[in-house]
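Okay, structure first, notes after.
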Amino acid sequence: MRAAVVRAFGGPDAVEIAEVPVPEPGPGQVRIKVAAGALNPVDAGVRAGFFGGAGKTLGLGWDAAGTVDAVGVAAAWQVGDPVVALVPGVSDPLGAHAEYVVVDADAVAKAPATVDAVHAGTLPLNGLTAVQALDLLDLAPGASLLVTGAAGAVGAFAVQLAAHRGIEVTGHARAGDEELVRSLGAAHFTAEGVGPGSVDAVLDAAVLGEPALEWVRDGGVYMGVRPGAYPASVRGVRTGAVAVAADGARLAELVRLVDEGVLTLRVAGTFALEDAVEAHARLAEGGVRGRVVLVP
């Protein structure tokens, strides 16, 4: 089968389409015939060597939408089931940007019924990152939350999920994105930031760091999206960062919210798997609203 891999670190041109063996599911695993999967900044990080693995062949792709193609022993899925899954890993030889991928059965959820595979392939990584970050923030309804990068993939999901929980959301993004951010459910919008100590919490999807921490009230909470890369606690503010984990049950909840119209899935463009270099180049240009999606 074909798969996007990196053998030497670099820019978009470092991505290769290789012929590799079709993976076989072990006990408690399923093999997915991949129909689509989003390209994310973490893939660019793997490609550039930010996560190590020099001298190895590294797979790319964390999002998979497709159909179950084979099941291992005790895997509670059937061949032909339409599914989505998170395929985490920054130093694995095979990722989701491939014709087939094997994942643990408990990382899988039934695919949304109301969208196609291309849109479904934008949900797992960014949706799970947003919901798991909100879980760590642990805010009650009525609390005030500022989401940086509110027009981006993680930020947009966070705005929608937080508003759905009854949290008062301020979206922080470029001025030109105000209409979009408000349409996601943000009660307030800012392109410049807010006053010191103005909100109960910040979800820092734009990775602003200490400037965003200043907006949190004394004793509030700051949550980043890069493990290990968050500011030290000041003024009694609890700080941390989400490390996204595969969770099929949580992913199924997100799928339900997609089908109920609570979450919107945005596709900026699609590329064939063999055009992965061009897809990485488009991501590197920036200014993407929604996700670039690879289609094997």
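The values are calculated or read from the model by the stated rules, or taken from the named source; none is laboratory data. Since this is a predicted model, take the numbers as computed values, not measurements. Glycine also receives a Cβ, built like all others from the backbone with ideal geometry; neighbour counts cover every protein chain displayed. With ligands, DNA and RNA removed, areas are computed over all heavy atoms of the protein, side chains included. Shrake-Rupley method; radii C 1.70, N 1.55, O 1.52, S 1.80 Å.
Condition first: more than 23 Å from residue 4 (Cα to Cα) and either open to solvent by 20 Å² or more (accessible area, probe 1.4 Å) or not in a loop (DSSP other than H, G, I, E, B) (or both). Can you find one or more residues in the range 114-124 that meet it? Taking every residue of the range 114-124 in turn, at least one turns out to be more than 23 Å from residue 4 (Cα to Cα) and either open to solvent by 20 Å² or more (accessible area, probe 1.4 Å) or not in a loop (DSSP other than H, G, I, E, B) (or both). With respect to the conditions (1) open to solvent by 20 Å² or more (accessible area, probe 1.4 Å); (2) at pLDDT 95 or above, residue 229 lacks only one, and its number is (2).
The C-beta contact set for the range 112-132 (first residue in contact (Cβ under 8 Å) with a residue 60 or more places away in the chain and closer than 12 Å to residue 40 by Cβ, second residue of a type in the set (Asp, Glu) and buried (at least 22 other Cβ atoms within 10 Å of the Cβ), distance under 6 angstrom, 6+ apart or interchain) comprises 121/63; 124/63; 125/63. Within the range 89-109, the set of residues being touching a strand residue (DSSP E or B) at 6+ places or on another chain (Cβ under 9 Å), open to solvent by 10 Å² or more (accessible area, probe 1.4 Å) and not in a strand (DSSP E or B) comprises 89, 90, 91, 92, 93, 94, 99, 105. Residues that are outside any strand (DSSP E or B) and touching a helix residue (DSSP H, G or I) at 6+ places or on another chain (Cβ under 8 Å) within the range 143-154 comprise 149, 150, 151, 153, 154, listed in sequence order.
Only a single item in (1) in a helix (DSSP H, G or I); (2) in contact with a Gly (Cβ under 9 Å, 6 or more places away or on another chain); (3) open to solvent by 20 Å² or more (accessible area, probe 1.4 Å) is not met by residue 218, and it is number (1).
Filtered by the rule that a residue be assigned to a loop (DSSP other than H, G, I, E, B) and open to solvent by less than 20 Å² (accessible area, probe 1.4 Å), the range 125-142 gives no residues.
Would you confirm whether any residue within the range 69-81 is surrounded by 23 or more Cβ atoms within 10 Å (Cβ to Cβ) and either in a loop (DSSP other than H, G, I, E, B) or in contact with a strand residue (DSSP E or B) (Cβ under 8 Å, 6 or more places away or on another chain) (or both)? Checked the range 69-81: no residue is surrounded by 23 or more Cβ atoms within 10 Å (Cβ to Cβ) and either in a loop (DSSP other than H, G, I, E, B) or in contact with a strand residue (DSSP E or B) (Cβ under 8 Å, 6 or more places away or on another chain) (or both). Annotation note: of 175, 187, 191, 162, the sole residue that is of a type in the set (A, V, I, L, M) and crowded, with 19+ Cβ neighbours inside 10 Å is 162.
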